[in-house]
Ligand SMILES: CC(C)(COP(=O)(O)OP(=O)(O)OC[C@H]1O[C@@H](n2cnc3c(N)ncnc32)[C@H](O)[C@@H]1OP(=O)(O)O)[C@@H](O)C(=O)NCCC(=O)NCCS
């Protein structure tokens, strides 16, 4: 899985980066998320580092030579277990810089998120909770092989005002 000579940093490799480098990357992710401040959760750089970089649950794509941030995604661990006794991670903050969209990076990041979690915890389940309005995102995840499921018992879905409905997709079955 390699596209156009980009730099891919996943899972424990992000955790192992020097703190100064983590801070630079986290600041870039914060800026990128602001492109979608009405629809995506916002994080401060230090929050990203503590909650997602350090536990090895983040994926970053950078452009070779310029180090421009192409895209980001993270897997968030839900407390407890699902009805099958598995840990459940939620795929989220899936974002590709507007300059780089429609080149296949969205697909690539989604597959990397699955691969990275399977390497860390082969038995865990990876789900995506998508607002029904996010048609593009749902289409891509289904195209990759994920399937609609009922909400795992340990996951709480909080609906924001104006958010009609969500669809929950099991991404664990994606072939990466
Ligand atoms: C959802 C999102 C991450 C997708 O990123 P992306 O990089 O544009 O996704 P891809 O390029 O993989 O796929 C999008 C399209 O490009 C096409 N594509 C795939 N590979 C391609 C390539 N090598 N060259 C050109 N187009 C390509 C895909 O077929 C797809 O086409 P379609 O729009 O006709 O279906 C991006 O739109 C985004 O950041 N959205 C804002 C944040 C958001 O909504 N996140 C999801 C929250 S649930």
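Each reported figure results from applying straightforward, stated rules to the coordinates on display, with no laboratory input. Here the structure is a predicted model, which means the values were calculated and not measured.
Table for the structure above
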item	result
Kirkwood-Stokes translational diffusion coefficient of the chain, alpha-carbon pairs, 10 °C, 1.306 mPa s, µm²/s	96
Gain on full stretching of the segment that runs from residue 153 to residue 35 - 0.36 nm per residue minus C-alpha separation	39.2 nm
Theoretical ellipticity at 222 nm over the chain - DSSP helices of four or more residues, -39500 (n - 2.57) apiece, nearest 500	-8000 deg cm²/dmol
Relative contact order (%) - the chain, alpha-carbon pairs under 8 angstrom, separation at least six	20
Counting DSSP beta bridges with both ends in segment 7-170, the antiparallel % (nearest 5)	85
